[in-house]
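Everything on this sheet refers to the single structure shown next.
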Amino acid sequence: MSDSFDLIVIGSGPGGYVCAIRAAQLGLKVACVEKRETLGGTCLNIGCIPSKALLQSSENFEEIAHKFADHGIQVDGVKLDLARMQARKGEVVSANVKGVEFLFRKNKITWLKGAGKIVAPGKVEVAGTTYETKNIVIATGSESVPLRGVEVDEKTIVTSTGALELESVPKHLVVIGGGVIGLELGSVWRRLGAEVTVIEFLDRLLPGMDNEVAKQFERILGKQGFKFKLGHKVTGATKAEAGISLTVEPAKGGEAQTVEADVVLVAIGRRPYVEGLGLDTVGVALDERGRVKTDQHFATNVPGIYAIGDVIAGAMLAHKAEDEGVAVAEILAGQHGHVNYGAIPGIVYTWPEVAAVGATEEELKAAGTAYKVGKFPFTANGRARAMGDVDGFAKILADKATDRVLGAHILGPDAGHLIAEMVTAIEFGASAEDVARICHAHPTLSEAVKEAALAVDGRPLHI
Ligand SMILES: Cc1cc2nc3c(=O)[nH]c(=O)nc-3n(C[C@H](O)[C@H](O)[C@H](O)COP(=O)(O)OP(=O)(O)OC[C@H]3O[C@@H](n4cnc5c(N)ncnc54)[C@H](O)[C@@H]3O)c2cc1C
C-alpha cells in the first residue's frame, strides 16, 4: 500500500479535473488518475478544444475567401496552409492541457499516471501500485460509437479523432450522422474546400434539438454547400485504392445505392467508457445503455463510489460534466452540491451557431404544457445586418399561464454567447416579460433575444 487519499478521481476530463480541483479547494486530499499522456480528457485533447480551434481557423479562411469581398475588401491569392493550421490547433491544445497541469500543482492534486482500476471499494490500482481512498469518483468519459460494417482506421475512415488530424483536405467527405460533432467537423472541411455529404438515419438533423431550428439550419447549411441524405443508413464500406464505397439504404427499407468518398467520418454518437475499470469485480451497476447508474447525489450502488460526466446518464457535454464534478466534490465535503439539468445549454459551433436551453416545442407538446412562442429573425437586427450575418432567429418558449421561460432556441451569429442570458433567465425562474424589460445594448445581437421575449407577448418593436 503506497499512499492514501480522501478522494481518487479516475479520469481527468472536464468532469474529473474540475471535481479534483473543487475537492482540493474544500480541503480534501485528492489524486486524479489519467492514462493519457496529458490531462484534460476528451474535451481538451480530442474534443471541444481542438474542434473549436479548427472551426475558428476554417471560419477565418472562409471569411477571407468568400465574405470579405462583400465588405469591399479584395484579397487575392488566399492560400491554405493546412500544416500550420493543424500546428496551431496543437499549440492551443497544448496550452490548455498544460493549464490543467498547472491547476493540479496549484491545488496540490496528485496526478497518478496510468490506467486506474478499482480493485475494491476504497482501493484503486494504478501502474502496479494500490492506493487507498475514502471515496472514488469515476469520470472516465466516453468513446465514439462504432458502426457495424464500417471499420475505422483513423486515416480514411475516421472518428472525430481522425477527422481532427487530416493532413489534406478530402475531395469528398461523407459524414455518417447529422448530429453536433458531424456537422461541426463537416463544416471545418467544407470551409477548407471539401465537398461534404451528410448521411443521417432520421429525417432531420440535430436530433433532440428544436425541430423548427433544425429545419432552418438544414436549409442554411444546404446554401453553404452541404449535401444531405436524410432518412438513410450506411450498411457497409469497401475500401479501394481510389477511395471508399459506402452502401447506403433508405432507413425505411428500399434499394441500396453506392456513395463514393475519399474520407468517411463516423459520427453516430458516443457511448460511456468503462473498459478495464474493474466495475464487475466491485459490483458497480450499469444501466441498459452501459452507463454507470447513479442516484441524485452521483452515488453508485457501491458505497464510496460515485460517477459523473459522460459515463453517466444525461447530456454528453463538457459543462454538464464540470457542474457534476463540482456538485459531487461539494457533496463529499459535506455540502449540498446540485446540478439544475433544466438549465444546461447545448451549442453547435458552426456558423451560424445553434444554441438551446430548456424545453423544445416538441417536448412541451408531448408533455401537454400550454405555451406561448416569441420569435425574432436576425434579418431585422441592425448589428446582424452590419455584420452581414442575417441567417436565423431567436425563439423563446414561455408558459402560457405564468409567462415563465421554459426554453430558448437561437440559430444565428454568436448564438452560443447569446444563449447565456436565457440560461440565466431559466436558472432564476424569469418570465419572458422579465427578459423583455431588461435594457439590451444597441446595436448588439442580444437585442434579437429581447425582441423574441417581447414577441412572446405579441409586441416586438422592430418587426
Ligand atoms: C469532437 C468532439 C467535440 C466536442 N465538442 C464539445 C463542445 O464543444 N462542447 C461540449 O460541451 N462538449 C463537447 N464534446 C463533448 C465533451 O468532450 C465531453 O462531454 C466531455 O469531455 C466529457 O467529460 P468527462 O470528464 O466526462 O470525460 P472525458 O473528457 O472523456 O475524460 C475522461 C478521461 O478519463 C480517462 N480514462 C478513462 N478510463 C480511465 C482509466 N481506467 N484510468 C485512467 N484514466 C482513464 C480518459 O483517458 C479521458 O482522458 C465534444 C466531444 C468530441 C468528441
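Per-structure values
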item	result
By average C-beta atoms within 10 angstrom, highest first, the peptides 239-252, 446-459	446-459, 239-252
Area accessible to solvent at Lys293, 1.4 Å probe radius, in Å²	110 Å²
Between the stretch 224-249 and the stretch 176-222, the Cα center-to-center distance that results, in Å	15 Å
Long-range tail of P(r) for the stretch 7-97 (Cα pairs > 16 Å, %)	64 percent
Neighbour net charge for Gly193 - beta-carbon separation under 12 angstrom, K R +1, D E -1	+2
For the stretch 353-397 and the stretch 1-65, distance of Cα centres in Å	32 Å
Estimated vicinal HN-Hα couplings, Hz - the stretch 363-377 in sequence order (Karplus 6.51, -1.76, 1.60; Gly, Pro = x)	5, 5, 4, 4, 7, x, 7, 7, 9, 10, 10, x, 9, 8, x
Antiparallel bridge percentage (DSSP; both residues within the chain; nearest 5)	60 percent
Only Lys, Arg (+1) and Asp, Glu (-1) charged, at Cβ; the stretch 97-175 dipole about Cα centre in debye	480 debye
Built amide H within the under 5 Å cut-off of Gly392, gap 5+	Phe378
Net charge over other residues, Cβ less than 12 angstrom from the Cβ of Ser245 (K, R count +1; D, E count -1)	-2
J(HN,Hα) series, the stretch 258-265, from Karplus relation 6.51 cos²θ - 1.76 cosθ + 1.60, nearest Hz, glycine and proline x	10, 10, 8, 9, 9, 9, 10, 9
Accessible surface of Thr238 - all protein chains present, 1.4 Å probe, nearest 10 Å²	90 Å²
Three-way shape label, the stretch 264-357, alpha-carbon gyration tensor, a/c 1.5	oblate
Heavy atoms of Leu317 accessible to a 1.4 Å probe, total area in Å² rounded to 10	50 Å²
Nonlocal amide H pairs with Ala115, under 5 Å, H built at 1.01 Å	Ala127
Under-5 Å amide H pairs with Thr235, H placed in peptide plane, nonlocal only	Thr247, Val248, Glu249
Which of His338, His319 is most accessible, then next, and so on - probe 1.4 Å	His338, His319
Listed pairs Lys233/Lys375; Lys89/Lys229; Lys117/Lys293; Lys35/Lys134; Lys67/Lys233; Lys293/Lys395 exceeding 24 Å between Cα atoms	Lys233/Lys375; Lys89/Lys229; Lys67/Lys233; Lys293/Lys395
Carbon and sulfur %, accessible surface of the chain computed with the full protein complex present, 1.4 Å	51 percent
Low-density loop cleavage sites - GluC sites (Glu not before Pro) in the stretch 1-70, where at most 11 other Cβ are within 10 Å (DSSP)	Glu37
Net charge of neighbours whose Cβ lies under 9 Å from the Cβ of Ser4, counting Lys and Arg as +1 and Asp and Glu as -1	-1
Principal axis box of the stretch 353-463, alpha-carbon based, largest edge first, Å	40, 24, 23
Value of relative contact order over the chain, rounded to a whole percent, pairs C-alpha under 8 Å and six or more apart	15 percent
Solvent-free Debye scattering, log10 I(q)/I(0), computed from the Cα coordinates of the chain at q = 0.12, 0.13 Å⁻¹	-1.15, -1.29
Mean accessible surface per residue for the chain, computed with a 1.4 Å probe while every protein chain stays in place, in Å²	45 Å²
Cα principal axis extents for the stretch 147-280, largest first, Å	48, 39, 33
Where Arg190, Arg88, Arg22 fall by accessible area, highest first, once all protein chains stay in place (1.4 Å)	Arg88, Arg22, Arg190
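The values are calculated or read from the model by the stated rules, or taken from the named source; none is laboratory data. For clarity, every value in this text was computed on a predicted model and none was experimentally measured. Methodologically, a virtual Cβ is constructed for each residue, glycine included, from the backbone with ideal geometry; neighbour enumeration extends over all protein chains shown. The area values use the complete protein model at the heavy-atom level, side chains included, leaving out ligands, DNA and RNA. Shrake-Rupley method; radii C 1.70, N 1.55, O 1.52, S 1.80 Å.
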